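Enquirer: My questions will all concern the structure given below.
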Amino acid sequence: MAESAPRAGPRPARPPWGSRKLGTARRFLESLLRHACAVLLLGFGLAGCNNNPLPDGLAATNTLVSAVIESSPRHLDPTASYWSNDTPYTYQIYEPPYGYHYLLRPFRLQPKSAAAIAKPRYVDAGGRPLADDAPGEQVAESIYDIPIKPGILYQPHPAFARDEQGRWRYHAMRPGELGKRRTPLDFEHQGTRELVADDFVYALKRHATPRITTPVFGIFSEYVVGLKDYGALIRAEDAKLRAGLDPASQDKPFLDFRRWPLAGASAPEPHLLRIRIKGKYPQWNYWMATTFLSPVPWEADAFYAQPGMAAAGLSLDTWPVGTGPYRMTEYRKDRRHVLERNPNWRGEPYPCEGMPGDREAGLLDDCGKTMPFVDRYVSTIDREAVPMREKFRQGYYDILVFERTDTGMDYLVAMQDSDEVRKEYEAKGFRLPKFADVHSWIVGFNMLDPVVGWGDTPEQRERNRKLRQAISIAFDWEEYSKIFPKKAGEPAMSPLPGGIFGSRHGTPEGHNPVTHQVVGGKVVKRRLDDAKRLLAEAGWPDGRDAKTGKPLVINYDFYAPATPERKPEIDWVVRQFAKIGIQLEVRATDNNQFQDKVRKGTYQVFWLGWLADYPDAENFLFLLYGPNGKTRFDGENTANYANPEYDRLFQRMQLLDDGPEKQQVIDQMVAIVQRDAPWSFGYFPFSSGAAQAWVHNYKPAVLIRDHGKYLRLDVAQRLASQAAWNRPVWWPLAAIAAAAALLLALGWRSLRRRERSNARGEVVA
């Protein structure tokens, strides 16, 4: 039966005041004791905790740990890979025909997967042989016969796996058979095979594909015989294969390049690669030291083309297949990547020849020993510069950033600013080699944009040119180096850094007459008044439209988010425009979004760095070559600059060996781009890597990207250093214990007072 209301009746007697008071006090004291104990336990826990951000036990293994700035690699497919966050992996996994000697400077080509450096044979239009010193204009073709080392094996991979009858195990997987496999290591069977010349032929053909980004197809098609027409053929064949299929589908039928021959690439013998180049092109050997010419086995292409693979994250972009000393074994996007020894790699001896000072620096101690020395490379994505540098200071990163050659500048500047810091870094033995390198930073203009670009009429063309010149004068790169000494460098007057044939960097005759002038034999920067005058002549007096009075607002696209570390630099760029009254709209995004913008052409002003692919003037001057435009041709000319005279001279320069004639042509090209100002030429940064004392054979350089196999770790020294540099700090525990004792004392005193008090709070006993 339900009871709707309480029944009336006598209330229970209340406990006496003292009893109630005592119970409350005891509960209070018990709570206080529990909190005090919790504080003490927390203190002990903190005192005993390990601040190592890496997995337990990793430091005791032969594993090199480094940070990666920004994000995961965008492309590990060698046909598409071109960015600096790709190369820490691609150059350890793949082996193009050539590489560079690790220790010698200037950089010297040496065989890698090739058995020797090929000397080209020249023939005329009739196919008749020419002398080695024949004028470039007479050379119709350069023929490179590259011998490939026999016995090189690919890394273990399911693409090569066969059953007992010799049939491919995983080339015709049924729907659902992929299951939960998300890495090549998830497959029960692995296989391998020998590298052959046809793998290089297949790789060169892949540059014609419309399915992936191919950054150098534009320039390769200018030189490899038949490659331009081959591109049209492949696009047509691809359209046939995909006819009637959902264009948005990630699954695409296998595009088997073996079906269609390419005149400019063949394999006359299993271990002989023949490449035919139009005319004379001395720089071709340098291209064969890039991963663009790395071998690609057709089996891997076919394996990853199967339905469901792309959706499962299985592709050459994430799980490459190479013959190099390392292979990818863990890929956790934007978090962590792991390279481990390729068990099929043949091993190579460490070099015994170096530069003066290399022996004294210990760089020849491992002469003749078999590489690689390190078993595993762990790269963690670390977007915040301050915590990243602190982890290095604590000894948890062996190399601060594996691929970068500018990270040591932070530490060198800090040592200059503080004796205490200098003593600490010297005591820890940080390796901070400072050196000049082939590297540049620029602020560029999208020449397809109607405001800052070429313009549609001769009059608009001239006004826009003056606008770019005015902005270039406003940029004070000398000031930049003073404000940001950790990123200091020498102001650039042209696209060419020092140390490359044709560069006049650092000489009076090499100054940029648009932004500087020679006064009393010294090169000095032009005054801001010159910039304001050019801005007014461009139709923007004081940064406003001469006709409407509306302010000039320009978009500035930055390739990374505006983190607290980057914001001062972004603000500095904003101030350079503000000097002459131009408003800047900052659009800082991650690198992937930035790349999407430049491909679509939806940008105006951008900041960009360039690391040389090879030590020749062409590798910087081609960044302004018209057929290499980013938006129209998917090349690396991000400014989309196209000047017919510059392009003509560029083509001529490519035929020339180093000498007076080539210097003259380069001078003319530089003068053209100085006047047109598609870039504010920025600066050539000082370089310095950052490695721990236990990392041996560390000699960073922009062009040396396969350095993983050369490095050696002293694991015992690392363990001892980490322990010494990260000892527990006990004084906080003492302070916590004292605070807890005080709480207990105060609580006990309060309890005693309550026990001796009456209802009015008066102490009666």
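The values are calculated or read from the model by the stated rules, or taken from the named source; none is laboratory data. Owing to the predicted nature of the structure, the values given are computational and were not obtained by experimental measurement. In this analysis, Cβ positions are derived from the backbone assuming ideal geometry, glycine residues included, and neighbour counts consider all displayed protein chains.
Enquirer: Taking segment 281-296 as the region of interest, how many residues are part of a loop (DSSP other than H, G, I, E, B) and either acidic (D, E) or touching a Leu at 6+ places or on another chain (Cβ under 8 Å) (or both)?
Expert: 5
Enquirer: Something else now. Residues to consider are Q604, Q593, Q668; find the one that is under 30 Å from R108 (Cα atoms) and either touching a residue at least 60 places away in the same chain (Cβ under 8 Å) or not basic (K, R) (or both).
Expert: Exactly one residue qualifies, and that residue is Q668.
Enquirer: For segment 394-414, how many residues meet the condition of being more than 16 Å from G489 (Cβ to Cβ) and in contact (Cβ under 8 Å) with a residue 12 or more places away in the chain?
Expert: Adding up the residues that qualify gives 11.
Enquirer: Shifting gears a bit: Within segment 478-503, how many residues are closer than 23 Å to R527 by Cα and assigned to a loop (DSSP other than H, G, I, E, B)?
Expert: Residues in segment 478-503 being closer than 23 Å to R527 by Cα and assigned to a loop (DSSP other than H, G, I, E, B): 6 in total.
Enquirer: Going through segment 33-47 one residue at a time, which ones are out of contact with any Phe, Trp or Tyr (no Cβ under 7 Å at 6 or more places or on another chain) and either at pLDDT 80 or above or surrounded by fewer than 16 Cβ atoms within 10 Å (Cβ to Cβ) (or both)?
Expert: L33, R34, H35, C37, A38, V39, L41, L42, F44, G45, L46
Enquirer: Every residue in segment 118-139 that is of a type in the set (A, V, I, L, M) and surrounded by 17 or more Cβ atoms within 10 Å (Cβ to Cβ), please.
Expert: A118, V123, L130, V139
Enquirer: Please find, among A134, A118, the residue that is of a type in the set (A, V, I, L, M), in a loop (DSSP other than H, G, I, E, B), out of contact with any Gly (no Cβ under 7 Å at 6 or more places or on another chain) and more than 16 Å from Y286 (Cα to Cα).
Expert: A134
Enquirer: Which residues, taken from segment 360-390, are among the acidic types (D, E), under 24 Å from P564 (Cβ atoms) and in a loop (DSSP other than H, G, I, E, B)?
Expert: Selection gives D382, E384.
Enquirer: For segment 254-281, how many residues are in contact (Cβ under 8 Å) with a residue 60 or more places away in the chain and among the aromatic types (F, W, Y)?
Expert: 1
Enquirer: For residues that are under 18 Å from A115 (Cα atoms) and either part of a loop (DSSP other than H, G, I, E, B) or touching a Phe, Trp or Tyr at 6+ places or on another chain (Cβ under 7 Å) (or both), tally how many sit in segment 261-273.
Expert: So the answer is 3.
Enquirer: Does segment 618-629 include one or more residues that are assigned by TED's automatic domain parsing to the domain that holds D476, of a type outside the set (F, W, Y) and touching a Lys or Arg at 6+ places or on another chain (Cβ under 8 Å)?
Expert: No, segment 618-629 contains no residue that is assigned by TED's automatic domain parsing to the domain that holds D476, of a type outside the set (F, W, Y) and touching a Lys or Arg at 6+ places or on another chain (Cβ under 8 Å).
Enquirer: If you take the residues in segment 48-83 that are over 17 Å from M328 (Cβ atoms), crowded, with 17+ Cβ neighbours inside 10 Å and of a type in the set (G, A, S), which one is modelled with the highest pLDDT?
Expert: A59
Enquirer: Is there a residue being of a type outside the set (S, T, N, Q), within 30 Å of the chain's Cα centre (by Cα) and surrounded by fewer than 16 Cβ atoms within 10 Å (Cβ to Cβ) anywhere in segment 162-184?
Expert: Within segment 162-184 (the criterion being of a type outside the set (S, T, N, Q), within 30 Å of the chain's Cα centre (by Cα) and surrounded by fewer than 16 Cβ atoms within 10 Å (Cβ to Cβ)), the answer is yes, since at least one residue qualifies.
Enquirer: Pairs under 9 Å by beta carbon, first residue in a strand (DSSP E or B) in segment 431-443, partner of a type in the set (D, E) and modelled with pLDDT under 90, six or more apart or different chains?
Expert: H439/D406
Enquirer: Quick one: in segment 657-687, of everything that is among the acidic types (D, E) and outside any loop (DSSP other than H, G, I, E, B), which residue is farthest from P615 (Cα to Cα)?
Expert: By that ranking, first place goes to D676.
Enquirer: If you go through segment 391-430 one residue at a time, how many are surrounded by fewer than 22 Cβ atoms within 10 Å (Cβ to Cβ) and in a strand (DSSP E or B)?
Expert: The total comes to 0.
Enquirer: What pairs can you find where one residue is in segment 78-90 and acidic (D, E), the other is not in a loop (DSSP other than H, G, I, E, B), and their Cβ atoms are less than 9 Å apart, with a gap of 6+ or different chains?
Expert: These pairs meet every condition: D86/T291.
Enquirer: Sticking with this structure for a sec: Can you tell me which residue within segment 483-509, out of those that are on the phi < 0 side of the Ramachandran plot and without any contact (Cβ under 8 Å) to a residue 40 or more places away in the chain, is nearest to the chain's Cα centre (by Cα)?
Expert: Residue satisfying both the conditions and the ranking: T507.
Enquirer: Look through segment 585-628, keep the residues that are among the hydroxyl-bearing types (S, T, Y) and touching a Phe, Trp or Tyr at 6+ places or on another chain (Cβ under 7 Å), and return whichever of them is nearest to F445 (Cα to Cα).
Expert: Y625
Enquirer: On the basis of being over 24 Å from R181 (Cβ atoms), assigned by TED's automatic domain parsing to the domain that holds D410 and either surrounded by 12 or more Cβ atoms within 10 Å (Cβ to Cβ) or in contact with a helix residue (DSSP H, G or I) (Cβ under 6 Å, 6 or more places away or on another chain) (or both), does D334 make the cut?
Expert: No.
Enquirer: A further question follows. Which is more than 24 Å from P307 (Cβ to Cβ) and assigned to a helix (DSSP H, G or I), of A239, A232?
Expert: Exactly one of A239, A232 is more than 24 Å from P307 (Cβ to Cβ) and assigned to a helix (DSSP H, G or I), namely A232.
Enquirer: Sort out which residues of segment 446-490 are closer than 18 Å to Q583 by Cβ and of a type in the set (F, W, Y), and write them in order of number.
Expert: F475 - this is the single residue of segment 446-490 that is closer than 18 Å to Q583 by Cβ and of a type in the set (F, W, Y).
Enquirer: A further question follows. Please go through segment 510-564 and pick out each residue that is free of Cβ contacts under 8 Å to residues at least 24 places away in the same chain, aliphatic (A, V, I, L, M) and within 26 Å of N464 (Cβ to Cβ).
Expert: A536, A546
Enquirer: For segment 553-560, indicate whether the set of residues that are modelled with pLDDT of 90 or more and assigned to a loop (DSSP other than H, G, I, E, B) is non-empty.
Expert: No, because not a single residue in segment 553-560 is modelled with pLDDT of 90 or more and assigned to a loop (DSSP other than H, G, I, E, B).
Enquirer: I'd like to check something: does segment 283-299 contain any residue that is surrounded by fewer than 18 Cβ atoms within 10 Å (Cβ to Cβ) and in contact with a strand residue (DSSP E or B) (Cβ under 8 Å, 6 or more places away or on another chain)?
Expert: No - not one qualifying residue is present in segment 283-299.
Enquirer: For T548, state whether it is under 23 Å from the mean Cα position of the chain (by Cα), in a loop (DSSP other than H, G, I, E, B), among the β-branched types (V, I, T) and at negative phi.
Expert: no
Enquirer: Which one of these is part of a loop (DSSP other than H, G, I, E, B), in contact (Cβ under 8 Å) with a residue 40 or more places away in the chain and within 22 Å of K699 (Cα to Cα): P351, P343, P356?
Expert: Every option except P351 fails the conditions.
Enquirer: Determine, yes or no, whether E137 is more than 30 Å from N344 (Cα to Cα), among the charged types (D, E, K, R) and at pLDDT below 95.
Expert: yes
Enquirer: Next question. Has segment 699-711 got at least one residue that is of a type in the set (F, W, Y) and at pLDDT 85 or above?
Expert: Yes, that holds for at least one residue.
Enquirer: Tell me, please, whether a residue that is surrounded by fewer than 17 Cβ atoms within 10 Å (Cβ to Cβ), modelled with pLDDT of 90 or more and β-branched (V, I, T) can be found in segment 497-507.
Expert: No - not one qualifying residue is present in segment 497-507.
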